Amino acid sequence: MKLYTRLTMFEREEISRNIALGASVRSIARTIRRHPSTISREIRRGGFVDAKYYRATFAQQYHNKMLRKQRSNRKLNANPILKQIVLEHLYKKWSPQQIAKYLKIQYPNDMSMQASHQTIYSFVYVLPRGSLKKELVRCLRREHKYRQKRKTNKQKTSGAIQDFLSIEERPAEVADRIVPGHWEGDLLMGSRNASAIGTLVERTTRMTFLVELQNKEAKAVREAFAQEFQHLPEGLKRTLTYDQGQEMAQHKLFTQETNITVYFAHPRSPWERGTNENTNGLLRQYFPKGTDFKKITKERLKEVQDELNDRPRMTLNWRSPHERFSELLR
């Protein structure tokens with residue numbers, strides 16, 4: 001009995017040439033001594049809507065791509081320990097790139113315990129349809145959408161923030177990210193803007209604090225933010241960059257209580273607080289739009305905070321914000 005072998009590039013070229021000559025599937029099958037169903041599957045598998053569009057080069061490229069995915073899937077399935085480590089970190093919302101770098105650092109001399117980020121992506125997407133695949137795909141980050149100005153029918157009240165310092169007056173050391181203690185802040189809004197949490201990110205280490213808020217009023221935000229900074233040494237409390245939201249209207253009093261100078265970004269310029277914007281994007285993995293933060297406990301906020309701060313970051317040379325921030329506290 002003849003064993004089945006995959007189609008070769010030569011056979012694919014024969015299929016393409018015979019299709020161009022108008023030959024039928026059965027005729028092509030006889031020519032290259034293959035079963036007609038093999039030819040039919042080959043044409044359909046590459047996504048060709050009509051046989052006349054079949055091209056040997058594209059079909060071979062598709063075949064090679066699927067073969068790489070199958071091999072990637074086999075590597076993780078053949079190594080239960082490696083697979084378990086990958087799954088554990090995917091559930092922690094680590095990106096495949098972070099996991100791949102972590103494995104390389106943890107097992108520098110053991111290639112069997114290493115996997116590239118492409119391997120991990122392939123492992124997830126090659127999984128058969130089901131609850132596990134859906135769950136793992138949800139753990140992967142979504143691509144950033146192009147930034148657009150938010151449409152609004154309501155103009156901000158003129159003069160809501162009084163006597164503020166513009167970001168243009170901020171010390172140059174803040175932009176350089178060399179000196180720690182400079183923070184960016186914002187609110188992460190809940191369902192219908194009826195609830196929110198505060199987010200504070202240190203620019204040098206990317207250390208993130210999630211702040212429980214009773215409401216979005218300026219007094220509540222000021223008190224909650226001030227309390228969050230209370231336990232930090234003076235050297236890590238220098239500046240806070242914020243947008244011109246009315247929740248920071250009591251910035252003068254906040255500065256008196258914390259010795260942290262507040263600088264305000266220009267209206268509709270989120271890139272001036274890019275570190276905080278990126279962090280809020282990561283937090284949407286845990287708290288998607290429509291979340292009611294009134295139902296999120298403080299304990300859950302701190303769990304997410306710790307999980308986010310334990311992720312290795314490429315910008316930190318694959319160290320975590322926790323590690324970098326802890327060094328500053330010694």
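Odds and ends about this structure:
- Estimated FRET transfer efficiency (residue 26, residue 60; beta-carbon r; R0 25 Å; 0.05): 0.65
- When the listed pairs 101/302; 252/302; 93/294; 75/298 are checked against a 30 Å cut-off, the alpha-carbon distance exceeds it for 75/298.
- Rounded to the nearest 20 debye, dipole of the range 244-330 from Cβ charges on Lys, Arg, Asp, Glu: 160 debye
- Here the label points at residue 192 and residue 266, each 7 Å from Cα along the C-beta direction, are separated by 3.6 nm in the simple model.
- Sorted by Cβ density within 10 Å, fewest first, the residues 231, 182, 89: 231, 89, 182
Every number here is computed from the coordinates shown, using simple stated rules; none is lab data. Only a predicted model underlies this, so the values are computations on that prediction, with no experimental measurement involved. Cβ atoms come from the backbone with ideal geometry, glycine included; neighbour counts cover every protein chain shown.
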